[in-house]
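Heads up, the thing below is written out as structure tokens.
Every number in this text was worked out from the coordinates using simple rules, so none of it is lab data. Since we're looking at a predicted model, the values are computed, not measured. Ideal geometry is used to build each Cβ from the backbone, glycine not excepted, and the neighbour counts take in all protein chains shown.
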Amino acid sequence: ATDSAAVAARDVDQGQKVFNANCATCHPGGQNVIIPEKVLEKEALEQYLRRGRSEESVIRQVTNGRNIMPAFGGRLDDESIANVAAYVIKSSEEGWN
């Protein structure tokens, strides 16, 4: 479960802009062009993210990378990564458009 207040405190619109500029090449519309089963949908995030589907798990994945996914910790600041995480969690709940 996500903390709705924490998600609301993040800038989801800014997260979408950062996602589109940095993540959408491999994850267009929440999909995954490299490993098709590891999409950014609710069930897949719960299954594949370490510690399950949460903003914290997305922040960790984006910051540190894992397997073929590169780390963005040196490229994006903490606020941008947190906003991306909020956008990913919100989109996984409401549907990618």
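For the reader, a short list of remarks on this structure follows.
- Across segment 92-97, coupling constants 3J(HN,Hα) worked out from phi with the 6.51/-1.76/1.60 Karplus curve, θ = phi - 60°, read 5, 7, 9, x, 7, 10 Hz, and Gly and Pro carry x.
- The stretch between Glu93 and Arg51 holds 13.4 nm of extra length on full extension. This uses 0.36 nm per residue minus the Cα-Cα distance.
- The slack in the chain from Glu37 to Thr25, taken as 0.36 nm per residue of separation less the alpha-carbon distance, amounts to 2.7 nm.
- ³J(HN,Hα) computed for each position of segment 16-27 - Karplus, 6.51 cos²θ - 1.76 cosθ + 1.60, integer Hz, glycine/proline x: 5, 5, 5, 4, 4, 7, 10, 10, 5, 4, 9, 10
- Residue-by-residue Karplus 3J(HN,Hα) for segment 58-67, coefficients 6.51, -1.76, 1.60, Hz, glycine and proline x: 5, 4, 4, 5, 5, 5, 9, x, 5, 6
- Under the convention that each Lys and Arg Cβ holds +1 and each Asp and Glu Cβ holds -1, the size of the dipole of the chain around its Cα centre is about 340 debye.
- Loop-located trypsin sites (Lys or Arg not before Pro) in segment 53-97, at most 12 other Cβ atoms within 10 Å (DSSP): Arg75
- Kirkwood-type radius of the chain, with distances r between different C-alpha atoms, in Å: 13.0
- Projecting label points 7 angstrom from Cα along Cα→Cβ for Arg75 and Gln14 puts them 2.0 nm apart.
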